[in-house]
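Novice: Below: one structure in structure tokens.
The values are calculated or read from the model by the stated rules, or taken from the named source; none is laboratory data. On a predicted model such as this, the values are computed, not experimentally measured, just so you know. Cβ sites come from the backbone with ideal geometry, for glycine too, and all protein chains shown count toward neighbours.
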Amino acid sequence: MKDTNPLPELSVGRADFPEGFRLSTATSAYQIEGHAFGGAGPTHWDTFASIPGKVAREEDGAVACDHYHRWEEDLDLIAAGNFDAYRFSTSWARVMPDGVTVNPEGLDFYDRLVDGMLERGIAPMGTLYHWELPEALNQRGGWLVRETPERFAEFTRVVAERIGDRLHAVAPINEPWCVAWLSHYHGFHAPGHASLEAGVRAMHHVALAHGLSAEVLHGMGQRGVGAACNFEYALPASDTDADRAAARLYDGIYNRWFVQAMTQGTYPEDVLEGFAPHMPEGWEADLATIRQPLDWFGVNYYTCQRLAAGAGDWPGYQPVPGPLPKTAMGWEICPEGLAYILKRLHGEFTGDVPLFITENGLANADQPGRPDRERIAYTDAHLHACLDAIRAGVPLAGYTAWSLMDNYEWTFGYEKRFGLVHVDFETQERTPKASYHALARAFARA
Ligand code: IFM
């Protein structure tokens, strides 16, 4: 049935936020570019997606949104949407197909893209690694071995030499927890390892990669060096001591491991209790490298998680479904968790370093011709949580909507739609959704 109700507006907008607050939107290379184009090398996501049962319909990022050819149209959408900044990522395998050798065509692509942003008045926010590792490096051990963070430092130098002068902000790694724990302990993402030992080694090597990369950037005089970590509001499933301990441990692995190492140069003691036997040799000496000065700290937030004590091996916690309304990913909609995370980061870890919401959004069962009211409501509630944190003294510098457009949602293939812009994957036609228009109106410049 046709939805004839008036289109909903956001109840907050640019005028409610402090002067200079930036509205941004984000994508990532493998999720949109079309990895088959431009001489990019194979990645461990191509390998993973080809294994039956790992990814819905065995879909991969070979064509994705064909952004490699349609980037100008996509930047026009960002500009017309009144976004101040655009968070994109550089594909390591596009720039260095075997992880080592430079592909000039790949660098040229990002050079054009960054210039295209500046021509349209959009501030480029780069992420160097958003999940696709060159397959050649995966073959050599990937994030299980120290060679990968060391090679990542070299990739950092190559990218920064070419486009660093025009980046307003740069983060080495998007969502280190996903790169390490989700992909090497849970095995849900590429490369699909599933053991405590693999998870722990990756948790250290990914942290080290952040540190080595930030060190290179600082050495080159790069401005705007930051980080982008993901957080979940961890809640005990019940009031028992056992469930509270489960939530605390989950919080340690998910929320505290990386930010504590990056800002304080230590790992959380409670997590180390279980990790210590599997940590790579000499890890203690790396903490000084992992702790680097940060100009800003990025927060990716989507949901809360309820944890119960489990009977299995350490860490043993069990996620338990909660009562709140859920997105198409099955994730609870919990904006108060965002305010909690922001206040806590500011109070315990990041101090005066400006925070930036580097991802927030939802997958929704969008239908063409029907306004995505759920996305507008979700965004509105999370923007209110941002205001709550700002009123409490949190130095919050911006908000990024994930994602500019529907794209490759990893193990879910193209089925889950996170976009402000609808993409028809048959024709590649882009159609802005009601949420895109609502944000554009709310953040129009005076
Ligand atoms: O699509 C992902 C993105 O690549 C990283 N953060 C979470 C998003 C939604 O799952």
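Novice: For the range 385-410, which residues satisfy the criterion of being out of contact with any helix residue (DSSP H, G or I) (no Cβ under 6 Å at 6 or more places or on another chain), outside any strand (DSSP E or B) and buried (at least 20 other Cβ atoms within 10 Å of the Cβ)?
Specialist: Correct list: CYS386, SER403, LEU404, ASP406, GLU409, TRP410.
Novice: Hey, another quick one. In the list ALA214, ALA207, ALA160, ALA190, which residue meets the criterion of being closer than 24 Å to ARG87 by Cα, under 16 Å from the mean Cα position of the chain (by Cα) and in a helix (DSSP H, G or I)?
Specialist: So the residue among ALA214, ALA207, ALA160, ALA190 that is closer than 24 Å to ARG87 by Cα, under 16 Å from the mean Cα position of the chain (by Cα) and in a helix (DSSP H, G or I) is ALA207.
Novice: Do any residues in the range 348-366 that are more than 24 Å from GLY252 (Cα to Cα) and touching a residue at least 24 places away in the same chain (Cβ under 8 Å) have Cβ atoms under 7 Å from those of residues that are of a type in the set (Lys, Arg) and outside any loop (DSSP other than H, G, I, E, B), where the two are at least six apart or on different chains, and which pairs are they?
Specialist: Note: pairs meeting the criteria are LEU362/ARG375; ASN364/ARG375.
Novice: For the range 67-104, give me the residue count where each residue is aliphatic (A, V, I, L, M) and touching a strand residue (DSSP E or B) at 6+ places or on another chain (Cβ under 7 Å).
Specialist: Here the count works out to 5.
Novice: So PHE152 passes all but one of these: (1) within 14 Å of the ligand (Cβ to nearest atom); (2) closer than 25 Å to GLY219 by Cβ; (3) touching a Ser or Thr at 6+ places or on another chain (Cβ under 8 Å). Which condition number does it fail?
Specialist: Unmet for PHE152, out of (1) within 14 Å of the ligand (Cβ to nearest atom); (2) closer than 25 Å to GLY219 by Cβ; (3) touching a Ser or Thr at 6+ places or on another chain (Cβ under 8 Å): (1).
Novice: Among the residues of the range 362-384, write down those that are in a loop (DSSP other than H, G, I, E, B) and of a type in the set (S, T, N, Q).
Specialist: ASN364, GLN367
Novice: Looking for whichever is within 30 Å of TRP296 (Cβ to Cβ) and either within 16 Å of the ligand (Cβ to nearest atom) or among the aliphatic types (A, V, I, L, M) (or both) here; the options are ARG417, ARG441, ARG445. Which one fits?
Specialist: Within the list ARG417, ARG441, ARG445, the selection yields ARG417.
Novice: Same structure, new question: Return yes or no: is SER213 crowded, with 22+ Cβ neighbours inside 10 Å and free of Cβ contacts under 8 Å to residues at least 60 places away in the same chain?
Specialist: no
Novice: If I filter the range 299-316 down to residues being in a loop (DSSP other than H, G, I, E, B) and in contact with an Asp or Glu (Cβ under 9 Å, 6 or more places away or on another chain), which single residue comes out as nearest to ARG417 (Cα to Cα)?
Specialist: ALA309
Novice: Now for a different question. Suppose we filter the range 360-392 for residues that are within 16 Å of the ligand (Cβ to nearest atom), over 16 Å from CYS304 (Cβ atoms) and touching a Phe, Trp or Tyr at 6+ places or on another chain (Cβ under 7 Å); how many remain?
Specialist: 1
Novice: How many residues are more than 30 Å from VAL158 (Cβ to Cβ), away from the ligand (no atom under 16 Å from the Cβ) and of a type outside the set (Val, Ile, Thr) if we restrict to the range 219-242?
Specialist: Residues that pass the stated criteria total 8.
Novice: Only one of these is within 16 Å of the ligand (Cβ to nearest atom) and not in a strand (DSSP E or B): LEU345, LEU338. Name it.
Specialist: Answer to the selection: LEU338.
Novice: Moving to a separate point now. Give the residues of the range 342-354 that are farther than 27 Å from LYS416 by Cβ and either crowded, with 21+ Cβ neighbours inside 10 Å or modelled with pLDDT under 95 (or both), sorted by residue number.
Specialist: LEU345, HIS346, THR350
Novice: Here is a list of conditions, (1) in a loop (DSSP other than H, G, I, E, B); (2) more than 16 Å from the ligand (Cβ to nearest atom), and ALA202 meets all of them except one; can you say which number that is?
Specialist: (1) is the only condition that ALA202 fails.
Novice: What pairs come up if the first residue lies in the range 311-337 and is among the charged types (D, E, K, R), the second is away from the ligand (no atom under 16 Å from the Cβ), and their beta carbons are under 6 Å apart, counting only those six or more places apart or on different chains?
Specialist: GLU332/GLY322; GLU332/LEU324
Novice: Looking at the range 121-139, which of its residues are within 10 Å of SER89 (Cα to Cα) and of a type in the set (A, V, I, L, M, F, W, C)?
Specialist: Answer for the range 121-139, where residues must be within 10 Å of SER89 (Cα to Cα) and of a type in the set (A, V, I, L, M, F, W, C): MET125, LEU128, TRP131.
Novice: What is the residue count in the range 322-335 for residues that are within 16 Å of the ligand (Cβ to nearest atom) and either within 19 Å of ALA261 (Cβ to Cβ) or buried (at least 20 other Cβ atoms within 10 Å of the Cβ) (or both)?
Specialist: Adding up the residues that qualify gives 3.
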